[in-house]
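Below: the structure, in structure tokens.
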Amino acid sequence: MTVTPPGAGKGAQIPRPPLHKVAATQTVMLLPLVLALMVADVALAISVLLGGLAAALPQAWFAGFVFREQGARASDRFFARLMVGEATKLSMTALLCALGFQWPAIRAGAFFLAMAGTMVLGWALTLKVLNTGNHAG
């Protein structure tokens, strides 16, 4: 009689990093700022919201797309998914910027500052998530 250890025969299980937390944190940090700005200047608040979303939404899609498959069997397709994901993310970002600038009252400085701030926050949070070593989430 042979004893089979739990998980044997299933292949290596590489846990998916909890990158969904990055987009959630970006949004949670963006919304109070937008609400506070609404009191002073609605156009400024909407510009900040649109800029933040132009960075956060493509990043969230990218993380979901690239890390949709997991495990050793998916590793051979990872690089291809990474390249397609990055190209799509850049296209989505350009499209969201173009759509944002269709609004006549857009404040370009606020839009791009919010976009840059959201990107930097996303990079920092991604590094934190990936360096914690806790990918079970």
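Computed from the coordinates by the stated procedures, all read-outs in this text should not be read as laboratory data. Everything numeric here is computed off the predicted structure, so don't read it as measured data. Here Cβ is always computed from backbone atoms with ideal geometry, including for glycine, and neighbour counts include all displayed protein chains.
Brief remarks follow.
- Multiplying each eigenvalue of the alpha-carbon gyration tensor of segment 20-128 by 5 and taking the square root yields semi-axes of 30, 15, 9 Å, largest first, rounded to whole angstroms.
- Considering only alpha-carbon pairs that sit under 8 angstrom and 6 or more positions apart, the relative contact order computed for segment 20-128 is 43 percent.
- Comparing Cα centroids, segment 27-43 and segment 55-103 end up 26 angstrom apart.
- Residue order for 106, 46, fewest other beta carbons within 10 angstrom first, comes to 106, 46.
- Relative protection proxy for 94-101, 58-65, from highest mean packing down: 58-65, 94-101 (other beta-carbon atoms within 10 angstrom).
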